[in-house]
1. What pairs come out if I take residues in the stretch 223-244 that are without any contact (Cβ under 8 Å) to a residue 60 or more places away in the chain and pair them with residues that are in a strand (DSSP E or B) and of a type in the set (Phe, Trp, Tyr) whose C-beta lies under 6 Å away, six or more apart or interchain?
2. Run residue 231 past the list (1) open to solvent by 10 Å² or more (accessible area, probe 1.4 Å); (2) over 27 Å from residue 363 (Cα atoms) and report the number of the one that doesn't hold.
3. For the stretch 368-383, which residues satisfy the criterion of being open to solvent by less than 40 Å² (accessible area, probe 1.4 Å) and not in a loop (DSSP other than H, G, I, E, B)?
4. Report, by residue number, each residue of the stretch 384-393 that is open to solvent by less than 90 Å² (accessible area, probe 1.4 Å) and of a type in the set (A, V, I, L, M, F, W, C).
5. State all residues of the stretch 254-282 that are crowded, with 17+ Cβ neighbours inside 10 Å and touching a helix residue (DSSP H, G or I) at 6+ places or on another chain (Cβ under 7 Å); if no residue qualifies, say none.
6. When you go through 182, 218 one by one, which is the residue that is more than 15 Å from residue 124 (Cβ to Cβ), buried (at least 19 other Cβ atoms within 10 Å of the Cβ) and without any contact (Cβ under 8 Å) to a residue 60 or more places away in the chain?
7. Can you pull out every residue in the stretch 33-77 that is surrounded by 13 or more Cβ atoms within 10 Å (Cβ to Cβ) and among the small types (Gly, Ala, Ser)?
8. With the requirement that a residue be farther than 16 Å from residue 161 by Cα and surrounded by 19 or more Cβ atoms within 10 Å (Cβ to Cβ), what does the stretch 129-145 give you?
Amino acid sequence: MGSHALFLIAFFLCKFLAVAILDPLDFLALQSIRKSLHDLPGSNFFASWDFTSDPCNFAGVYCDSDKVIALNLGDPRAGSPGLTGRIDPAIGKLSALAELSIVPGRIYGSLPQSISQLKDLRFLAISRNFISGDIPATLGQLRSLKTLDLSYNQLTGEIPRSIGTLPELTNVILCHNHLSGSVPPFLSQVLTRVDLKHNALTGSLAPDSLPPSLQSLSLAWNKLTGPVDRLLSRLDQLNYLDLSLNQFTGPIPSQLFSFPITNLQLERNLFTGSVQPADQVTISTVDLSHNRLWGQISPMFSTVQNLYLNNNRFTGQVPASFVDRLLSGSIQILYLQHNYLTGIEIKPTAEIPVSSSLCLQYNCMVPPVQTLCPLKAGNEKTRPTAQCNEWKG
């Protein structure tokens, strides 16, 4: 036999052995996954998925020894068209899988229950697709799961309480779906991010329903109710908080303003009471607009760059420190319209920097300076005297 023939035999034998290295169950699972998914026009992700070669060299497939440990489906480059089709239940056969992600695209159908068999799964991210149906309650069996991101899909039903019991969970991102029911308590003491905005969640939050490890919380655009002061008082690691567009009630805890928050969005709720931070507020954006807050405006807010206190029930004079910082350009937005304020010490000739916006209209005073207000503020400069007298009384 010639050396050329020996080389060919050796070459094909190596090729065969390379294929055979992968666990047969994993090999068959990858074949089933491939059959149920397709590249969208403009995507070429599956070009390397040739099952006559080693699947561990396929795009998005990562192996350790004879097992698939990570599956990142789709071209991760920005603007890639992504994939279409369904997620085959055979995915549950990849018994060593620790990471599963699918890039944005047009994946449809429900999340297979079989994902719950992936006992080593730590990272599950399938966002910006068209996944529908319920979140399987059996995901609560994934005791190693750290990140769950199913955002921007068409999911319905409730968030399973079992997900809240996952002990290693650090990120829960379920925003922009059609989820209903209440927010389950989250027991993980390493949880840092919860994003459930843009759903149809209802009910109230128990004071101990979120751990003090939390750094980012977004519950905006839901139908949540009840007080949150006791809950928020415990979350002293927060650096981002957005509870806007709900129906939360009760007071805003003063200690919240001393947390390391950079952006505080509490607008369009039913919060009541006086707001009195203990120290100068260093949060760059604070939006408390469209609530039922009352009392005097605290001078502690004069250090905020973008401050929205409009559409509340604040009374009295605007503290002089606001005027100083507005004229120096330190305050960029100061919206105080639609309150019951009675005065502000600012000269009619004062020049407000071009980079700063002040709105005072529809209060219990004639605005001493003419400023451009947002269109939503309306045309009326001053609140009717009868309303002001009624509020005083």
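1. So the pair list comes out as 228/248.
2. With (1) open to solvent by 10 Å² or more (accessible area, probe 1.4 Å); (2) over 27 Å from residue 363 (Cα atoms) applied to residue 231, the lone miss is (1).
3. The one that is open to solvent by less than 40 Å² (accessible area, probe 1.4 Å) and not in a loop (DSSP other than H, G, I, E, B): 377.
4. Listed by number, the residues that qualify are 386, 388.
5. Residues satisfying the conditions are 256, 277, 281.
6. Just a single option satisfies the conditions, and that option is 218.
7. Residues satisfying the conditions are 36, 43, 48, 53, 59, 60, 70, 74.
8. Result: 129, 131.
The values are calculated or read from the model by the stated rules, or taken from the named source; none is laboratory data. In this text the structure is predicted, and so the values were computed from the model without any measurement. Cβ sites come from the backbone with ideal geometry, for glycine too, and all protein chains shown count toward neighbours. The accessibility values were calculated without ligands, DNA or RNA, using every heavy atom of the protein model including side chains. Shrake-Rupley method; radii C 1.70, N 1.55, O 1.52, S 1.80 Å.
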